[in-house]
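Taken together, the values in this text are just the output of simple stated rules run on the coordinates, not laboratory data. These numbers were taken from a predicted model, which means no experiment stands behind them. Cβ placement follows ideal geometry from the backbone for every residue including glycine, while neighbour counts extend to all protein chains displayed.
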Amino acid sequence: MIASECAPVAKVGGLADVVYGLSKNLELRGNSVEILLPKYDCLRNDQITDLTLFYKDLSVPWNRGAVRCSVWLGSVSGRKCFFIEPHSNENFFARRVIYGCADDGMRFAFFCKAALEFLFKSGKRPNIIHCHDWMTGLCGALLYELYQSQGMEAVRVCSTIHNFRHQGIVGENILYATGLGRPEYFFRPESMRDVSNPRALNLMKAEIMYSNFVTTVSPYYAWEAMNTEQGCGLGPLLILNQHKFAGILNGIDYDVWNPESDRFIPVRYNADSVEEKLRDKNALRDYFHLREDSKPLIAYVGRLDEQKGIHLIRHALSYAPLHGAQFVFLGTSHDSALNNQFMTLKKQLVNHQDCAIELNFNEELSHLIYAGADMVIVPSMFEPCGLTQLIALKYGAVPIVREVGGLINTVFDRDYSDQPPQLRNGFTFHHTDTTAIESALYRALDLWYNHPRDFQSLQRNGMRYDFSWNVSGGKYQEIYERITLSERKTVL
Ligand code: ADP
């Protein structure tokens with residue numbers, strides 16, 4: 001796995017959980033998995049054990065010279081992780097953040113180059129390199145154009161696209177820096193030239209072209225990417241490459257996300273003791289200084305980003321206390337305007353007895369929220385897979401979601417789904433206006449207040465679903481086996 005994130009050492013969103021969870025499942029299936037990550041200065045070092053220097057002086061060709069790197073090896077909750085630390089004036093990974101720098105394109109192009117150089121020089125010849133999003137999208141091109149002919153013929157590339165919105169649009173300088181060169185070759189429309197800007201290269205496009213197989217994170221998002229604006233310009237290319245493109249639902253790691261064994265919640269429970277959630281709800285209320293009352297508690301946990309339906313989150317936050325519910329919000333943003341907007345709201349809610357906002361990234365608190373909440377909203381504008389609703393289901397927090405992407409594959413409306421009643425597990429709505437979410441919230445609150453037994457049945461239905469990596473891990477294994485036998489040549 002070559003990735004820019006891995007939970008819990010370097011996590012911004014779901015990509016991190018996927019890298020960790022899929023790797024773990026693949027190992028349970030008997031594979032040997034190694035994860036390559038940048039050695040960010042903001043890694044959660046408390047989550048790494050046995051960190052040792054593995055490769056002292058890795059010289060990575062870069063621009064006209066080379067960058068010296070140290071490669072560290074450590075264990076992250078049982079996974080074998082290598083961390084690449086460059087020593088150069090650019091300080092690529094010493095920025096106190098994972099993303100959000102003006103030179104992100106260059107930073108991650110460097111990471112791809114260093115990762116390939118590391119494999120090459122350390123004699124590692126994996127059957128499969130699995131890349132994730134544009135940040136590691138250049139690995140396939142580097143492998144195919146530079147390294148394969150030097151003894152890495154047998155290596156195949158599988159890439160997973162977690163979000164088509166961010167594609168890694170970069171300039172010609174990337175080609176010179178990485179040693180790919182030949183702009184006339186790479187700027188061809190059938191190579192990595194961006195679809196809308198002929199003077200730019202598109203690293204996600206490169207990823208699609210140069211991978212032996214491309215997945216995205218749910219079947220419905222795969223369809224949306226090919227057939228709607230969700231492909232963000234890459235739809236036609238995906239249709240052309242349908243033979244090597246599929247949507248595979250993300251799983252979650254039930255060793256981490258399981259109310260029966262969760263070490264971050266005061267009271268553990270399962271589908272047969274879902275009423276115990278009340279005690280976690282009271283612990284959550286304590287944390288936020290909310291009143292204890294016979295009211296349902298609605299939560300939002302996630303990045304603060306336009307993707308997530310900010311106006312609908314805000315609407316739910318104001319709707320809840322007016323309609324007999326409490327609301328807690330946990331989220332943070334890279335966008336300071338959005339953070340400020342919610343900071344203002346947070347100040348207005350000081351001493352509020354029914355609503356609270358935490359503007360932070362807090363993994364431990366998120367566990368308590370899933371355990372304590374009766375309902376979790378995911379009103380996304382688009383949602384490739386979504387892990388929040390999968391976790392919520394496991395914790396008996398009924399998801400209220402918008403019908404997009406992976407949310408369609410995982411949440412089935414209690415009243416309107418064509419699934420049999422025992423498989424219905426939440427509430428869904430379609431439109432992006434506030435009345436749409438209101439109608440779903442209304443139905444959820446009505447069920448909680450007026451039909452508590454039915455509400456509990458709905459919680460249990462959700463808790464009984466298996467969204468672990470068991471199923472999806474097997475699908476990835478099949479893909480790996482298929483491409484291991486395939487021709488070296490990719491689409492190019
Ligand atoms: P995305 O990848 O778009 O961020 P997902 O739903 O796929 O969204 O994954 C989000 C993951 O990140 C979930 O595990 C969620 O609990 C977690 N998460 C998001 N924001 C926070 C936060 N502020 N604090 C703790 N966990 C968070």
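Among the residues of the range 188-231, those that are of a type in the set (Asp, Glu) and assigned to a loop (DSSP other than H, G, I, E, B) comprise GLU190, ASP194.
Can you pull out the residues in the range 143-179 that are within 16 Å of the ligand (Cβ to nearest atom) and among the hydrophobic types (A, V, I, L, M, F, W, C)? Answer for the range 143-179, where residues must be within 16 Å of the ligand (Cβ to nearest atom) and among the hydrophobic types (A, V, I, L, M, F, W, C): ILE161, PHE164. Scanning the range 354-372 for residues that are within 12 Å of the ligand (Cβ to nearest atom) and assigned to a loop (DSSP other than H, G, I, E, B) turns up ASN360, PHE361, ASN362.
Just one of the listed residues (VAL274, VAL256, VAL301, VAL328) is of a type outside the set (Asp, Glu) and over 26 Å from LEU441 (Cα atoms), namely VAL256. The condition of being under 27 Å from GLY181 (Cβ atoms), touching a residue at least 24 places away in the same chain (Cβ under 8 Å) and either surrounded by fewer than 21 Cβ atoms within 10 Å (Cβ to Cβ) or not β-branched (Val, Ile, Thr) (or both) does not hold for PHE83. Which of the residues belonging to the range 296-343 are crowded, with 19+ Cβ neighbours inside 10 Å, in contact (Cβ under 8 Å) with a residue 60 or more places away in the chain and under 12 Å from ASP354 (Cβ atoms)? Listed by number, the residues that qualify are PRO296, LEU297, ILE298, TYR319, ALA320, ALA325.
Taking (1) within 11 Å of the ligand (Cβ to nearest atom); (2) surrounded by fewer than 24 Cβ atoms within 10 Å (Cβ to Cβ) in turn, PRO384 satisfies each apart from (2).
Of the helices (runs of 4 or more DSSP H) lying entirely inside the range 386-492, those carrying at least 1 residues that are touching a Pro at 6+ places or on another chain (Cβ under 8 Å) are 388-394, 405-410, 434-450, 452-463. VAL195 falls short on exactly one of the conditions (1) surrounded by fewer than 19 Cβ atoms within 10 Å (Cβ to Cβ); (2) over 27 Å from the mean Cα position of the chain (by Cα), and that condition is (2). The set of residues from the range 8-17 being more than 8 Å from the ligand (Cβ to nearest atom) and either touching a strand residue (DSSP E or B) at 6+ places or on another chain (Cβ under 7 Å) or free of Cβ contacts under 8 Å to residues at least 60 places away in the same chain (or both) comprises VAL9, ALA10. Of all the listed residues (ASP415, ASP446, ASP374, ASP433), the sole one being of a type in the set (Asp, Glu), free of Cβ contacts under 8 Å to residues at least 40 places away in the same chain and touching a Phe, Trp or Tyr at 6+ places or on another chain (Cβ under 9 Å) is ASP415.
Of the residues contained in the range 24-32, one or more are found to be within 16 Å of the ligand (Cβ to nearest atom), within 24 Å of the chain's Cα centre (by Cα) and within 26 Å of ILE479 (Cα to Cα).
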